[in-house]
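Working notes, beginning with the structure itself.
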Amino acid sequence: MSAQIESVLQEGRLFPPPKGFVSKAAIAGMDQYQALCAEAEKDHAGFWARLAREHLVWHKPFSRALDDSNAPFFKWFDDGELNVSWNCLDRHLGTPVENKTAIVFEADDGKVSKVTYRELHERVCRFANGLRALGFQKGERAIVYMPMSVEGVVAMQACARLGIIHSVVFGGFSAKSIHERIIDAGATLVITADEQVRGGKHIPLKPAIDEAFAMGGCDSVRKVVVYRRTGGDVAMQPGRDMAWDEVVAGQSAQCEPAWVGAEHPLFILYTSGSTGKPKGVQHASAGYLLMAALTMKWTFDIKPEDIFWCTADIGWVTGHTYITYGPLACGATQVVFEGVPTFPHAGRFWEMIDRHKVSIFYTAPTAIRSLVKAGESSPDHHPRKYDLSSLRLLGSVGEPINPEAWMWYYTNVGRERCPIVDTWWQTETGGHMITPLPGVHALKPGSCTMPLPGVAAAIVDETGTDVEKGKGGFLVIKKPWPSMIRTIWGDPERFRKSYYPDDFKGRYYLAGDGASRDLDGYFWIMGRIDDVLNVSGHRLGTMEIESALVSNPLVAEAAVVGRPDDMTGEAVVAFVVLKQARPSAEEAKRIANDLRNWVGKEIGAIAKPKDIRFGENLPKTRSGKIMRRLLRSVAKGEEITQDVSTLENPAILDQLKQAN
Ligand code: WTA
């Protein structure tokens, strides 16, 4: 970590906010930012209570901001009542927003359709009424396995309207992953589509649900609702499966929402942790929505005339907060895109920014890096070839952005006019935590700059003591915040151990990232300190991939590590011991390929190891611990400088160095 810190601390470039930006921004200038920080410092709970009153509409006002009597199971605004969908839709009816476009949907094939706030409200109400007629009610859990679509947003909003807790599963996850989530969440409802369309290809969704059912144990599910995206041929099981159109047929366009307590769970979103089993991160209603709406205003400086585009999938937290909830709570117009950045050509994003006059664009470093490469090899589709003058603000999320990619984004896409907000946050934090504010902070490429007002971010050593500026340590949040994870679904003890470990006497939220601050107080995120990898901005647990590998009948043992990768940030490298004798070179290639596909089926294509190495054993200490640090060096192709004298069998390192 120290070499990384050295290199980022040498980053001397500084980009102050453009002049025109400061005066008009939601937080206009450093003085206002500091005043908000001071207000929060003085009365943390009172600060958030003020914002919750100003930015949300309450059905029943709350009287108490923070309940910390059962820390770390914090509650916010908990005697208040509201409905999240009402706050995203009904609150705009009868205002000028009612007839404004809520969603500009662009399909994979380029077909564009628009939905106003009124129409979106109607569609959500009809679908919610349909679900209610089927007997679904507050507190039940729904798995949503949908393509990027208006219907995907409608499904989530309809759940929120009824107080049904949704758990969206990214369309790239396998049947096995769906199966695990249906069972863990005890889902009674599944909402899916026949197929999704990406890059000109039809990719089946419903068949994965059927496959999950075939694995057994999904008896809690009463209905599977199937939206017809393509009309592809899918099996429908009578009694259980129902077409979306049938659910909404004859339903009213008005639907009284279920008023829920502020702490009522809004959703569960599964994410990888340091054990084999994904964690069901549980979010509450009011605190989560507050942060979603507030950061749309603070970080993205959203204005009535903006066209906002977040390119994330609704299957990830970024799509939840900055597609389904944040933009709608603010009455913004947003673009929702079904396809992929490189189809039908590498200029698709830039063409769409021009076509829809996007003013705020939010994407991931991986997408930027792949488009840098694509733009170089296909100059006709370089961002310079497009009219991007509508842009005023750019954002980045999901992984550290390397200064080169930052500069390319700033120069070629933002044309040196648009600030870049490099937003650090997590599934668990619900919304942005550490990020530049476009009217406040001077930017340094690669730094997420400073915490939002009210976010008590700090860097500490293993005893929980603040480290000096310039030194690396654990990123922690010292005080609770409204949109924080409430618990891990069904496993409160795992929640406490993972995020409020005894090492820090249970006082601080441990983010799981390493970070440092420079002499100006800017935060630099170094990446995960646990056994979690970040591949193309997707979180993957090494243990999860290891369990998938060892469940293959050929595999005796497996260890998975990350290796830095120019394109995907990190790449998955697996070291595998087969039950059979070490394979010949040709056989090894074939088995490696089979194992890759196996992992694809067990978890999803994003988890497939880039590199698989075979050995007769893994490097272990005499006490039997796998020496992962050593494996990381082998994966990188580094000279082994570590002491290997404690290794049981040093000779196997030579085997593991051979790539297949
Ligand atoms: C990483 C995505 C550096 C980090 C919103 C974190 C980042 C994990 C940034 C969460 C950023 C996210 N700079 N690293 N701007 N944003 N990360 O839960 O390691 O999918 O812990 O949430 O992504 O990933 P998750």
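The values are calculated or read from the model by the stated rules, or taken from the named source; none is laboratory data. Source: prediction; values computed, not measured. Here the Cβ positions follow ideal geometry from the backbone for every residue, glycine too, while neighbour counts run over all protein chains shown. Just so you know, the surface numbers come from the protein's heavy atoms only, side chains and all, with ligands and any DNA or RNA stripped out. Shrake-Rupley method; radii C 1.70, N 1.55, O 1.52, S 1.80 Å.
Numbers at a glance
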{"quantity": "Gain in span if fully extended, Asp461 to Ser378, counting 0.36 nm per residue against the direct Cα distance", "calculated": "25.2 nm"}
{"quantity": "Inter-probe distance in nm under a simple model that places probes 7 Å from Cα toward Cβ, at Thr230 and Glu39", "calculated": "5.1"}
{"quantity": "Computed P(r) (all Cα pairs; the range 172-324; 10 Å bins; percent)", "calculated": "9, 28, 36, 23, 4, 0"}
{"quantity": "Convex hull of Cα atoms in the chain, direction-averaged projection (nm²)", "calculated": "28.8"}
{"quantity": "Solvent-accessible area of Met148 with every protein chain in place, 1.4 Å probe, in Å² to the nearest 10", "calculated": "10"}
{"quantity": "Other-chain or far-sequence residues with amide H under 5 Å of Val144's (modelled H)", "calculated": "Ser167, Val168, Val169, Ile191"}
{"quantity": "Neighbourhood net charge (15 Å Cβ-Cβ; Lys/Arg +1, Asp/Glu -1) for Val644", "calculated": "+2"}
{"quantity": "Accessible heavy-atom area order of Val340, Val573, highest first, probe of 1.4 Å", "calculated": "Val340, Val573"}
{"quantity": "Reference-scaled alpha-carbon Rg (2.2 N^0.38 Å with N residues) for the range 1-156", "calculated": "1.46"}
{"quantity": "Cα-Cα P(r), the range 147-240, percent of pairs per 10 Å interval", "calculated": "16, 51, 31, 2"}
{"quantity": "Where labels lie 7 Å past Cα in the beta-carbon direction, separation of Ser63 and Lys385 in nm", "calculated": "6.5"}
{"quantity": "Potential lengthening between Glu616 and Lys114 on full extension [0.36 nm per residue; Cα-Cα distance subtracted]", "calculated": "174.9 nm"}
{"quantity": "Rule-of-thumb Rg ratio for the range 536-656 [Cα; 2.2 N^0.38 Å; N residues]", "calculated": "1.02"}
{"quantity": "Helix-only mean residue ellipticity at 222 nm for the chain, each DSSP H run of n ≥ 4 adding -39500 (n - 2.57), per residue, nearest 500", "calculated": "-8500 deg cm²/dmol"}
{"quantity": "DSSP beta bridge pairing in the range 536-656, given as percent antiparallel to the nearest 5", "calculated": "75"}
{"quantity": "Kirkwood Rh, angstrom, the range 586-657 [1 / mean 1/r, Cα pairs]", "calculated": "13.6"}
{"quantity": "Cβ-isolated cysteines (cut-off 4.7 Å), the chain", "calculated": "Cys37, Cys88, Cys159, Cys218, Cys310, Cys330, Cys418, Cys448"}
{"quantity": "Coil-residue trypsin sites (Lys or Arg not before Pro) of the range 184-246, DSSP, other Cβ within 10 Å capped at 16", "calculated": "Arg222, Arg228, Arg240"}
{"quantity": "Förster-model FRET efficiency, 25 Å R0, Ser23 and Asp520, C-beta, rounded to 0.05", "calculated": "0.60"}
{"quantity": "Gain in span if fully extended, Ala442 to Arg632, counting 0.36 nm per residue against the direct Cα distance", "calculated": "64.8 nm"}
{"quantity": "Listed residues Phe136, His44, Gln658: farthest to the positive end of the dipole of the chain (Cβ charges)", "calculated": "Phe136"}
{"quantity": "Convex hull projection area averaged over all views, the range 525-606, Cα basis, nm²", "calculated": "5.7"}
{"quantity": "Equivalent ellipsoid semi-axes, the range 321-398, via Cα gyration tensor eigenvalues times 5, rooted, Å", "calculated": "23, 14, 11"}
{"quantity": "Using a Förster distance of 41 Å, the FRET efficiency for Thr646-Met215 (Cβ separation, nearest 0.05)", "calculated": "0.45"}
{"quantity": "Dipole in debye (nearest 20) - the chain, about Cα centre, beta carbon charges: Lys, Arg +1; Asp, Glu -1", "calculated": "380"}
{"quantity": "Label-point gap, in nm, between Ser551 and Glu468 - each point 7 angstrom along Cα→Cβ", "calculated": "4.9"}
{"quantity": "Dipole moment magnitude, nearest 20 debye, the range 536-656 about Cα centre, only Lys, Arg, Asp, Glu C-beta charged", "calculated": "220"}
